[in-house]
Amino acid sequence: MWSYIIRRFLLTIPVIFVVSSVTFLLMHAIPGGPFSEEKALPPEIIKNLEKKYHLDDPLWKQYIDYMWGFMRFDFGPSITYKTRTVNDILAQQWPPTAILGSISFFFAILVGVVLGVISAVHANTLIDYGCMTVAVIGVSMPNIVIGPLLIWIFALNLKWLPVARWGTPAHVVLPALTLSAPYIARFARFTRAAILEVLNEEYVRTARAKGLSERLTIIRHVLRNALIPVITVAGPAFAGIITGSMVVEQIFAIPGIGKYYVTSVNNRDYPVIMTFTLIFAFCIIMMNLLVDILYAIIDPRIRYT
Amino acid sequence: MPRDSIKYRTWKRFSRNRAALLGLLILVSLAILAIGAPWIAPYHYAEGDVRYNFAPPSREHWLGCDYMGRDIFSRLIYGTRVSLTIAFVSAITSFLIGISYGIVSGYFGGTVDNLMMRFVDIAWGFPTLLLIILMMVFFKSSFARVTPGTFAGTLSAIDRALGGMFFICIGIGLTAWLMIARLARGMTLAVRERDFVEASRACGATGIHIIRKHLLPNIIGPCIVQVTLQIPTFILYEAFLSFIGLGVDPPTPSWGMMINEGYIAMRSYIHVFLAPALALSITILAFNFVGDGLRDALDPRWQR
Amino acid sequence: MQKIISFICIGLVFFALSVGAAEKVLRWNLGTEPPTLDPALAHDTTSLLVIGQIFLGLTDYNPATGEIIGELAKSWQVSPDGLKWTFYLRDDVVWTNGRPVTAYDVEYSMKRMLNPATAATPANLLWVIKGAYAYNTGTGSAEDVGIKALSDYVVEFELDHPVGFFAALATRVVVPVPREAVEKYGDKWTEPGNIICNGPFMLAEWVHDDHLVLVKNPKYYDANSVHLDKVYCYMVIEASTALAMYEAGELDVLRDPPTAQMDRIKTDPVLSKELHSSPRLGTYFFGFNCTKPPFDNPLVRKAFAAAIDRQALVDYILKGGQKPALTFISPGVPGYVGDEGIGIPYDPEMARKYLADAGYPNGQGFPEVTLMFNTSELHRAVAEFAQQCWQKVLNVKVNLANQEWKVYLQTLQQDAPQIFRLGWMASYPDGYDYLKRNFDSRTPENYARYRNPEFDEAVDMLERITNPEERMQWFRKAETLLCQVDCALIPLYYYTMVELTKPYVIRDYYATINDVPNFKDWDLLSH
């Protein structure tokens, strides 16, 4: 068990290495530097700027300098924002993304599982069809559709919620709904399928024959086995919510990491691009690792090599 | 079609799933629209008169006009070309790359398999969307000014001819093959040990023969299902890329870009947003239905 | 006793309330986080807007009259050979820490700006000073630079060659910084608490990416004329969100409302009265790469220029009441000659004739050409409009291509496409900036590759001559060559600033360099 965990953990190191190199190379391969903002600058001035930010060092040296700093949690200066370091920017921007992401994630699991259970228990009735239809619609509407639609209905017309920005709990509702919608649907469908499968299994029939109440049957036997697909979906859901936050933060003008990512690519703010990509990748990898570990804990059969 | 073949039974099961049939119907209609766009659409997608910008739906313009005075209905129809092309080309690219990679890895096994799968594991850790964004910026910037006649120049010309779709397909295809590769490799490993393969080898069959006759037919089905299930994601990626401006070149109509234009004008002119939003959602819904239907129909449990 | 105390308390509360109520706070939207507040590093409009409120320059541009007036400098004089400029500073300007602003501050700041380690971005405007270029590119030393503080309040600049408009240059670039803050805090000297200002306002609070607050500087030498107590700057990027805030009463001024909302705003009974278009010092144009066929033929360029209906562009696409442009230098900048009949106006008949004379009657045989622009909603709309015009009038097909801004700049530098979209905002108040930086054959930024020795001669004259009437003659000559005879570009329109302002804001609408509003002249009525 422990060797498995350690092995998986060790695998993350080459992944981070590959992610950082590919990002670094791709980033520098993109033409256009960080310095021409509104007007072109004379070449002599650009030379001075490159010297200041060590962009005239050979590429491999820049890479090593950055990775060395990264390991000491020193992410370098921001090239666009002259008075701030990437650490400053990160410290400022991560709370909204983290809050929005976690709320969306847990909300998706909660609502999704509950919906799935209700559907499964009332299988093949109107309730079931209704829930599943809603689920499929949730999966089909991309967040660039759901987001503006929710804004239009609830913020512009009904005026129940604010249009955009961040600050109060009311500001969290619409973006969280937008981010979690496709995953609520997925959790619901998987949970329903898993529960239905288990409900027909032998040992459930045995429990029922023994006279166990319906509720206890469900809770004790069914749910535990139904957890596996939930964990299966949890990994990609987490990754999806993180990357989806880029678009949602843009639509709702939320000052988080996601919104700033596209801007930094356009600005060629190299330290920011590297740091954000690596942090995103790290979160996703950790989550996948957690999912694999949970798998191994819950189902002793799954201890594959 | 022999009454007992897998294909026939699959189709029968598929057609019993009403949602899947509906999805298939929608997709076929979209394909017709895409192919027949120049004859079906009342206006050309780039044609417009600026004086009618944001015009509400009327008899001349069934869904109204966008910010440049172009007919939204026509642009929606041409937009099917973009979405369907990207969906299929990306799907085919990732399918071909994935299945070849997976089969090679699974067939040779041992160290080769180990290395190849390590590579997949490592590539798996990369947040796909971030990679696509970086790649798109790279493609769009580098290939924008190349000398004609070189390899880069040819690629750039292809891209421009396709209205900017070429690089998106490559970008998406390059990131999506991982799942197929894993699947193909897993199944290759399983099938490889089966008796009939052993028997075949005992008769002296070559590797290629085994792959063709025994592996491929068993693997293709689930891989196709997997790819079909991924298509909605491709369409979403393209829509998202176009939404943030890294997608097709204007004036090529992409639903994602139209949604972006609609979102900007949403407060005053909701019709500009609703039309492409509905089109995109219905298309993805259709693909989801078809994919689910295919997966259920091909479920091995039914084939006992 | 208790009653007296309670009376006093109530009185104090009322007093506080009334003082608080009387505090004039202007709520403004910066749009984005300013990349820097260091005058030596700033070259974007957001940073310059804030810097313009908290730091003083040697000279200033009076937007009402278009003249250069003194700010830190009371007066100045030029030596007969035009090489030595001596500025006499005011003696009543102090930094917020009490120390007077002296000529030594000016010398220190300018040498810091030229120091290659600082990598200052507007430094190229100082290269006219003797020894400046060498020092800035690393081959010279600070002692050889021709800037000297002759006494506490007299500073002398020694130039490389006579420059008639040096005072205009000084408005933009000679902005002293406080030595003690820079040396003590390094990169962080502009953070609130570290920063030392000398302008009408000072920086009180800066929450990055969220807001910043400017308060009235009591030590400003003319503090009595400043009415506003505070300027609260939001940083909302999305124009539609900012508009929502303005309508909800959370913003007092909104610059550049989203185009998609303009129709609604113009027909709204309240908003339409608060809408105002004012001129800006900038021109939007299409340039031609004059070395690429078919645009190496001036007749083709003239045909394309005459085919664009600028008024329709303004009315239907831009909707901001912009002024169509026929010449390059914008109104309000010395050198503007747009109302004198120079340039090529919209004339479909003439356009077709030019094209026929060039050998492409009715567009027959015309090769495929490309118009490139940098990615943006607005530029795309303008490009598509032009595409439509050329198709309708000349029957020619023009392809559109767009690139992201940074890549676009590189493309222009290396190999500009046949037609490219560009805009130019005045860096300092003189038309020489427009002509020299864009179309002089010796400038690297001459993407059009325009080469006319007569034009270059006119530009050189404009640099050296000081007499305004003589300069206007040369401006006329230059613009005639540029826009009419050779038609190296199609000026499209002069930028306007479209703004919504609440009726209780008392303000001016003058066009300023880099659109920096003069908050020190604004006032708020109680509302």
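The values are calculated or read from the model by the stated rules, or taken from the named source; none is laboratory data. Just so we're clear, the structure is a prediction, and the values are computed from it rather than from any experiment. Please note: Cβ atoms are built from the backbone with ideal geometry, for glycine as well, and neighbour counts cover all protein chains shown.
How many residues does region C:83-123 contain that are among the small types (Gly, Ala, Ser), assigned to a loop (DSSP other than H, G, I, E, B) and either within 14 Å of chain A (Cβ to nearest Cβ) or under 27 Å from the mean Cα position of the chain (by Cα) (or both)?
Residues in region C:83-123 being among the small types (Gly, Ala, Ser), assigned to a loop (DSSP other than H, G, I, E, B) and either within 14 Å of chain A (Cβ to nearest Cβ) or under 27 Å from the mean Cα position of the chain (by Cα) (or both): 3 in total.
Only one of A:ILE5, A:ILE45 is part of a helix (DSSP H, G or I), within 10 Å of another protein chain (Cβ to nearest Cβ) and of a type in the set (A, V, I, L, M, F, W, C); which?
On inspection, the qualifying residue turns out to be A:ILE45.
Out of the residues in region A:264-289 meeting the condition of being within 10 Å of chain B (Cβ to nearest Cβ) and among the polar types (S, T, N, Q), tell me which one is nearest to A:LEU55 (Cα to Cα).
Checked region A:264-289; the qualifying residue nearest to A:LEU55 (Cα to Cα) is A:ASN266.
Kindly indicate whether any position in region C:359-376 is within 14 Å of chain A (Cβ to nearest Cβ), more than 19 Å from C:SER330 (Cβ to Cβ) and buried (at least 19 other Cβ atoms within 10 Å of the Cβ).
Checked against the condition, which is being within 14 Å of chain A (Cβ to nearest Cβ), more than 19 Å from C:SER330 (Cβ to Cβ) and buried (at least 19 other Cβ atoms within 10 Å of the Cβ), region C:359-376 yields at least one hit.
Kindly check whether there is at least one residue in region B:258-268 that is of a type in the set (A, V, I, L, M, F, W, C), under 26 Å from B:ALA34 (Cα atoms) and either out of contact with any strand residue (DSSP E or B) (no Cβ under 9 Å at 6 or more places or on another chain) or part of a helix (DSSP H, G or I) (or both). So that I can check it myself, show each step before the final result.
First, the residues of region B:258-268 that are of a type in the set (A, V, I, L, M, F, W, C): B:258-259, B:264-266.
In the following step, the residues that additionally are under 26 Å from B:ALA34 (Cα atoms) were identified as B:258-259.
If we keep only those that are either out of contact with any strand residue (DSSP E or B) (no Cβ under 9 Å at 6 or more places or on another chain) or part of a helix (DSSP H, G or I) (or both) too, we end up with B:258-259.
Scanning region B:258-268 turns up at least one residue that is of a type in the set (A, V, I, L, M, F, W, C), under 26 Å from B:ALA34 (Cα atoms) and either out of contact with any strand residue (DSSP E or B) (no Cβ under 9 Å at 6 or more places or on another chain) or part of a helix (DSSP H, G or I) (or both).
Quick one: count up the residues across region C:482-510 that are buried (at least 22 other Cβ atoms within 10 Å of the Cβ) and assigned to a helix (DSSP H, G or I).
Number of matching residues: 2.
Going by the structure shown, is B:LEU229 farther than 17 Å from B:PHE88 by Cα and away from chain C (no Cβ under 14 Å)?
Judged against the criteria, B:LEU229 is not a match.
One residue is enough: does region B:83-90 have a residue meeting the conditions modelled with pLDDT under 85, touching a Leu at 6+ places or on another chain (Cβ under 9 Å) and more than 13 Å from every other protein chain (Cβ to nearest Cβ)?
Looking for residues that are modelled with pLDDT under 85, touching a Leu at 6+ places or on another chain (Cβ under 9 Å) and more than 13 Å from every other protein chain (Cβ to nearest Cβ), one finds none in region B:83-90, hence no.
Here's the yes/no breakdown for (1) more than 30 Å from C:GLU33 (Cβ to Cβ); (2) assigned to a loop (DSSP other than H, G, I, E, B):
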residue	(1), (2)
C:PRO218	no, yes
C:ASN224	yes, no
C:SER240	no, no
C:GLY282	no, no
C:GLY287	yes, no
C:LEU299	yes, no
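Considering each residue of region B:228-273, count those that are closer than 21 Å to B:LEU174 by Cα, among the aliphatic types (A, V, I, L, M) and touching a Gly at 6+ places or on another chain (Cβ under 6 Å), and give that number.
Going through region B:228-273 one residue at a time, the tally reaches 4.
Is region C:445-456 home to any residue that is free of Cβ contacts under 8 Å to residues at least 60 places away in the same chain and within 13 Å of chain A (Cβ to nearest Cβ)?
yes
Of the residues C:PRO331, C:PRO324, C:PRO348, which single one is under 30 Å from C:SER272 (Cα atoms), touching a Leu at 6+ places or on another chain (Cβ under 9 Å), of a type outside the set (A, V, I, L, M, F, W, C) and at pLDDT 90 or above?
Exactly one residue qualifies, and that residue is C:PRO324.
Conditions first: (1) within 11 Å of chain C (Cβ to nearest Cβ); (2) crowded, with 22+ Cβ neighbours inside 10 Å. B:THR252 passes all but one, so which condition is the exception?
Going through (1) within 11 Å of chain C (Cβ to nearest Cβ); (2) crowded, with 22+ Cβ neighbours inside 10 Å one by one, B:THR252 breaks only (2).
Go through region C:244-285 and report how many residues are aliphatic (A, V, I, L, M) and in contact (Cβ under 8 Å) with a residue 24 or more places away in the chain.
Here is the first cut: in region C:244-285, the residues aliphatic (A, V, I, L, M) are C:244-245, C:248, C:251, C:253-254, C:260, C:262, C:265, C:270-271, C:275, C:281.
Going one step further and asking which of them are in contact (Cβ under 8 Å) with a residue 24 or more places away in the chain, we end up with C:245, C:251, C:253-254, C:262, C:265, C:271, C:275, C:281.
Final tally of qualifying residues: 9.
Among helices (runs of 4 or more DSSP H) lying entirely in region A:66-163, which contain 1 or more residues that are closer than 19 Å to A:THR277 by Cα and not assigned by TED's automatic domain parsing to the domain that holds A:HIS54?
A:86-121
Which of the residues belonging to region C:307-350 are in a helix (DSSP H, G or I) and within 25 Å of C:ASP430 (Cα to Cα)?
Result: C:GLY338, C:ASP339, C:GLU340.
Let me confirm something: among B:TYR43, B:TYR101, B:TYR67, which residue is of a type in the set (Ser, Thr, Tyr), surrounded by fewer than 20 Cβ atoms within 10 Å (Cβ to Cβ), farther than 22 Å from B:PHE166 by Cα and in contact (Cβ under 8 Å) with a residue 24 or more places away in the chain?
B:TYR43
Output the number of residues of region B:239-248 satisfying the condition of being crowded, with 22+ Cβ neighbours inside 10 Å and within 7 Å of another protein chain (Cβ to nearest Cβ).
The qualifying residues number 3.
Condition check: among the hydrophobic types (A, V, I, L, M, F, W, C), farther than 30 Å from C:ALA383 by Cβ and at pLDDT below 80. Does B:PHE14 satisfy that?
So B:PHE14 fits the description; yes.
Listed residues C:GLY193, C:GLY199, C:GLY186; which is at positive phi and not in a helix (DSSP H, G or I)? First the steps, then the outcome.
Details: C:GLY199 fails: at positive phi; C:GLY186 fails: not in a helix (DSSP H, G or I).
Among C:GLY193, C:GLY199, C:GLY186, only C:GLY193 is at positive phi and not in a helix (DSSP H, G or I).
Condition check ((1) more than 14 Å from every other protein chain (Cβ to nearest Cβ); (2) in contact with a Lys or Arg (Cβ under 6 Å, 6 or more places away or on another chain); (3) not polar (S, T, N, Q)) across all residues:
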{"position": "A:ALA120", "(1), (2), (3)": "yes, yes, yes"}
{"position": "A:CYS131", "(1), (2), (3)": "yes, no, yes"}
{"position": "A:ILE137", "(1), (2), (3)": "no, no, yes"}
{"position": "A:LEU149", "(1), (2), (3)": "no, no, yes"}
{"position": "A:TRP152", "(1), (2), (3)": "no, no, yes"}
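With respect to B:LEU274, is the statement that it is surrounded by fewer than 23 Cβ atoms within 10 Å (Cβ to Cβ), within 11 Å of another protein chain (Cβ to nearest Cβ) and without any contact (Cβ under 8 Å) to a residue 40 or more places away in the chain true?
Answer is yes for this residue.
Determine if region C:190-201 includes at least one residue that is away from chain A (no Cβ under 14 Å), touching a strand residue (DSSP E or B) at 6+ places or on another chain (Cβ under 6 Å) and surrounded by 23 or more Cβ atoms within 10 Å (Cβ to Cβ).
Among the residues of region C:190-201, at least one is away from chain A (no Cβ under 14 Å), touching a strand residue (DSSP E or B) at 6+ places or on another chain (Cβ under 6 Å) and surrounded by 23 or more Cβ atoms within 10 Å (Cβ to Cβ), which makes the answer yes.
Condition first: of a type outside the set (Gly, Ala, Ser), over 27 Å from B:TYR263 (Cβ atoms) and in contact with a Phe, Trp or Tyr (Cβ under 8 Å, 6 or more places away or on another chain). Can you find one or more residues in region A:123-143 that meet it? Quick ask: steps written out before the conclusion?
Applying the first criterion (of a type outside the set (Gly, Ala, Ser)) to region A:123-143 yields A:124-129, A:131-134, A:136-137, A:139, A:141-143.
Of the ones still in play, those that are also over 27 Å from B:TYR263 (Cβ atoms) are A:124-129, A:131-132.
Imposing the further condition that a residue be in contact with a Phe, Trp or Tyr (Cβ under 8 Å, 6 or more places away or on another chain) reduces the set to none.
Looking for residues that are of a type outside the set (Gly, Ala, Ser), over 27 Å from B:TYR263 (Cβ atoms) and in contact with a Phe, Trp or Tyr (Cβ under 8 Å, 6 or more places away or on another chain), one finds none in region A:123-143, hence no.
More than 10 Å from every other protein chain (Cβ to nearest Cβ), part of a helix (DSSP H, G or I) and modelled with pLDDT of 80 or more: is that true of B:LEU236 in this structure?
Against the criterion (more than 10 Å from every other protein chain (Cβ to nearest Cβ), part of a helix (DSSP H, G or I) and modelled with pLDDT of 80 or more), B:LEU236 does not qualify.
Quick check on my filter: what residues within region C:393-442 are hydroxyl-bearing (Ser, Thr, Tyr), away from chain A (no Cβ under 13 Å) and crowded, with 23+ Cβ neighbours inside 10 Å? It would help to see each step written out before you state the result.
First, pick out the residues of region C:393-442 that are hydroxyl-bearing (Ser, Thr, Tyr): C:408, C:411, C:427-428, C:432, C:434, C:441.
Filter once more, so that each one left must be away from chain A (no Cβ under 13 Å): C:432, C:441.
Within region C:393-442, just C:TYR432 meets the criteria.
Determine whether region C:253-272 contains at least one residue that is over 22 Å from C:LEU318 (Cβ atoms) and buried (at least 20 other Cβ atoms within 10 Å of the Cβ). Please lay out each step first, then the result.
Just the residues of region C:253-272 that are over 22 Å from C:LEU318 (Cβ atoms), to begin with: C:269-270.
From what is left, the residues that are buried (at least 20 other Cβ atoms within 10 Å of the Cβ) are none.
No, there is no match, as no residue in region C:253-272 is over 22 Å from C:LEU318 (Cβ atoms) and buried (at least 20 other Cβ atoms within 10 Å of the Cβ).
If C:ALA132 meets every condition in (1) under 21 Å from C:LEU58 (Cα atoms); (2) within 13 Å of another protein chain (Cβ to nearest Cβ); (3) at pLDDT below 90 apart from one, which number is that one?
Condition not satisfied by C:ALA132: (3).
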